[in-house]
């Protein structure tokens with residue numbers, strides 16, 4: 001009887017703990033810039049919105065250093081994203097950047113916007129990347 005009570009109590013505590021967990025969210029935006037989750041419409045037709053060229057985003061300061069990207073568009077579609085600045089003050093910063101930045105670039109190319117998922121363990125870098133990408137896309141569509 002005692003074993004059954006302990007098992008039931010343990011299982012109940014586990015369920016309550018799991019239900020209390022909240023999903024991971026990016027830290028609140030530091031600046032007044034648009035949310036990195038705001039999709040950017042891509043232009044496929046002719047006209048001023050179907051831009052071609054390379055556009056440099058703003059350098060976005062994060063807790064660990066600035067993140068800045070440049071986006072290359074061809075007829076309004078993202079064809080490349082180049083990282084110009086990334087946190088690199090410590091070995092840990094370089095380690096995070098080495099696995100996070102290629103993943104973020106693949107996400108951006110796939111999404112064709114700054115509406116990308118953050119890389120686990122690189123929340124600040126992910127947020128800075130998305131904000132800088134959004135500012136580059138804003139410049140391209142201005």
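The values are calculated or read from the model by the stated rules, or taken from the named source; none is laboratory data. A quick note: this is a predicted structure, and the numbers were derived from the prediction, not measured. Please note: Cβ atoms are built from the backbone with ideal geometry, for glycine as well, and neighbour counts cover all protein chains shown.
Scanning region 58-85 for residues that are assigned to a loop (DSSP other than H, G, I, E, B) and farther than 17 Å from residue 100 by Cα gives 58, 59, 75, 76. Considering (1) in a loop (DSSP other than H, G, I, E, B); (2) at pLDDT below 70, say which one residue 88 fails and leave the rest. In the conditions (1) in a loop (DSSP other than H, G, I, E, B); (2) at pLDDT below 70, residue 88 misses (2) alone. Among the residues making up region 67-92, those that are out of contact with any strand residue (DSSP E or B) (no Cβ under 7 Å at 6 or more places or on another chain) and under 19 Å from residue 55 (Cα atoms) are 74, 75, 76, 77. Residues considered: 95, 131, 107. Of these, the only one that is assigned to a helix (DSSP H, G or I) and more than 20 Å from residue 55 (Cβ to Cβ) is 95.
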